[in-house]
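Engineer: Would you mind keeping the following structure in view while I ask a few things?
No lab work stands behind these numbers, since they all come straight from the coordinates. What you see is a predicted model; the values in this text were computed from it and never measured. Virtual Cβ from ideal backbone geometry, glycine too; neighbours counted across all protein chains shown.
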Amino acid sequence: MKRLWACLFAVCVLLAGCGGEAAEKQRRDFFAMDTYMTMTAYGPHAEEAMKEAEARIRELEEELSVTREESNIYRMNHRTNESVLLGADAAEAVGAALRIARETGGALDPTIYPVVEAWGFTKDQQQVPSEEALREALARTGWQRAHLTERTLTLEPGMEIDLGAVGKGFAGREAGKVLRDRGVTSAIVSLGGNIEAVGARPDGTPWRVGFRAPDGEGYAGMLSVEDAAVVTSGSYERYFTDENGRRWHHIIDPATGHPAENGLLSVTVVGRDGLSCDGLSTALFVMGKENAAAYWRAHHDFDMILIEEGRRVTVTEGLAERFALRGEYTKGPLEVLRR
Ligand code: AMP
Ligand code: MG
């Protein structure tokens, strides 16, 4: 079976135009949470602050990982009792994931891990599971059967937790918090293409984030942001191709156990809280365009960008003035969703 890991990040930060401040610019690159991360920060406290921000990301990685034996989530998934006392960070992530699960009718389901495992996405040994294996895995999922009371998480036998859908957004938010607390007013963190923007660029203009075209080379669009999280879920971020040449991606519809197929190629959520943005980007991807639009109309704390097959791009009205199509995509329509 052919394995293909997409290594293109959905979005990237454009730093051109900041040349005047080059002397103050500090950059830090590292690998964590299974992806490449880059921080760029300006000002006298930048270097020390980024070092602390990286340490905070590594701390979260250790608590939230499904594979590290010391992590809270590993302990939960290999428990001998039904309840486990989580650390504060793991409890916050699970709590946020369960809240979004409730609000999205289970489109996000932090108990989806047995299904993700059946598809082999956890071990890098992807395969199309048999219907029987999927049924068995699905029977061990269900966010309604996960109960969090303060920091105590209780699951039924056989159930397992996966925070892959919220971890990087959470880490971005926390890194942003460390940078701001250390007095940094201009920085940008990219966690495998998920962005946390601190303030604006040093010259006061917004950060510019480029959206890679999901179906090829170049950019589909460009977004200007300040003090925001920009988090993307895309079917092209992690997938494999089976022997018949069919592509299977990693975002699972918990209702079927199969990768979500609804014409969406990517969903980007822009908001203040990276943790919520990350959970939502995965949930809205599963829900499809119509349901995502209805959810956005009912909730007022985020904006989104949807890219569908056929180079169709939709943005919510809060981004209309800050988003522009690029390259081949300028030939297609840009729909603006209004409340
Ligand atoms: P993201 O890239 O944030 O959309 O997260 C995708 C990752 O979350 C996958 O690689 C799985 O580990 C996990 N996942 C896939 N589908 C779901 C789902 N419906 N709910 C929760 N987690 C999921
Ligand atoms: Mg997500």
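Engineer: For region 138-272, compute the orientation-averaged projected area of the C-alpha convex hull (one quarter of its surface), in nm².
Structural biologist: Working: hull surface 46.0 nm².
The orientation-averaged projected area of the Cα hull of region 138-272 comes to 11.5 nm².
Engineer: Right, something else. What percent do you get for the relative contact order of the chain when only Cα pairs under 8 Å and 6+ apart count?
Structural biologist: Numbers: 712 pairs, mean separation 66.1, N = 339.
Normalised by residue count, the contact order of the chain is 20 percent.
Engineer: Which ³J(HN,Hα) values, rounded to whole Hz and listed in residue order, are derived for region 194-202 from phi using the Karplus coefficients 6.51, -1.76 and 1.60 in 6.51 cos²θ - 1.76 cosθ + 1.60 with θ = phi - 60°, glycine and proline given as x?
Structural biologist: Running phi through 6.51 cos²θ - 1.76 cosθ + 1.60 with θ = phi - 60° gives 8, 10, 10, 9, 9, x, 10, 5, x Hz.
Engineer: Now a separate question. For a label point 7 angstrom out from the Cα of E261 toward its Cβ, which stretches of region 292-317 have the backbone nitrogen within less than 19 Å?
Structural biologist: 308-311
Engineer: To check my understanding: the extent here is largest minus smallest coordinate of the Cα atoms along each principal axis. What are those three numbers for region 192-250, in Å, largest first?
Structural biologist: For region 192-250, the Cα spread along each principal axis is 52, 20, 11 Å.
Engineer: Give the distance, in whole Å, between the Cα centre of region 181-206 and the Cα centre of region 39-54.
Structural biologist: Each part reduced to its Cα centre gives a spacing of 10 Å.
Engineer: In addition: In terms of the ratio Rg/(2.2 N^0.38 Å) built on C-alpha atoms, what value belongs to region 20-78?
Structural biologist: Values: Rg = 15.0 Å, N = 59, 2.2 N^0.38 = 10.4 Å.
Relative to the rule-of-thumb radius for its length, region 20-78 sits at 1.45.
Engineer: Here's something else I'd like to know. Which whole-number percentage describes the relative contact order of region 172-330, with Cα contacts under 8 Å and a sequence gap of 6 or more?
Structural biologist: Working: 296 pairs, mean separation 31.9, N = 159.
Dividing the mean separation by the residue count of region 172-330 yields 20 percent.
Engineer: Further question on the same structure: For region 196-339, what is one quarter of the convex hull surface built on the Cα atoms, given in nm²? Can you show the working numbers first?
Structural biologist: Details: hull surface 37.4 nm².
With the hull built on Cα positions only, its mean projection is 9.4 nm².
Engineer: Using packing as a proxy for protection, rank 159-169, 180-190, 57-67 so that the peptide with the highest average count of other Cβ atoms within 10 Å comes first. Please list the in-between numbers first.
Structural biologist: On the way: 159-169: 25.8, 180-190: 20.7, 57-67: 19.2.
Descending packing order for the listed peptides: 159-169, 180-190, 57-67.
Engineer: Give the relative contact order (percent, whole number) for region 161-225; include only Cα pairs under 8 Å separated by 6+ residues.
Structural biologist: Working: 78 pairs, mean separation 13.5, N = 65.
Contact order relative to length: 21 percent.
Engineer: Mean projection of the alpha-carbon convex hull of the chain over all orientations, in nm²? Before the final figure, lay out the partial values.
Structural biologist: Working: hull surface 67.4 nm².
Averaged projected area of the chain's Cα convex hull equals 16.8 nm².
Engineer: If the viscosity is 1.306 mPa s and the temperature 10 °C, what Stokes-Einstein diffusion coefficient in µm²/s follows for region 28-187 when Rh is the Kirkwood radius over Cα pairs?
Structural biologist: Details: Rh = 16.9 Å.
The calculation lands on 94 µm²/s.
Engineer: Under a 10 Å cutoff between Cα atoms, tell me which one of H249, H147, H299 has the largest fluctuation in the Gaussian network model of the chain.
Structural biologist: H299
Engineer: For a quick check, take a GNM of the chain with Cα springs below 10 Å and name the residue from T149, T241, T314 with the largest mean-square fluctuation.
Structural biologist: T149
Engineer: Let me confirm the definition first: pairs of Lys residues in the chain, 8 or more apart or on different chains, C-alpha distance under 28 Å. How many are there?
Structural biologist: 11
Engineer: Also: With a 10 Å cut-off between alpha carbons and a GNM built on the chain, which of A133, A260, A146 moves the most?
Structural biologist: Fluctuation is largest for A133.
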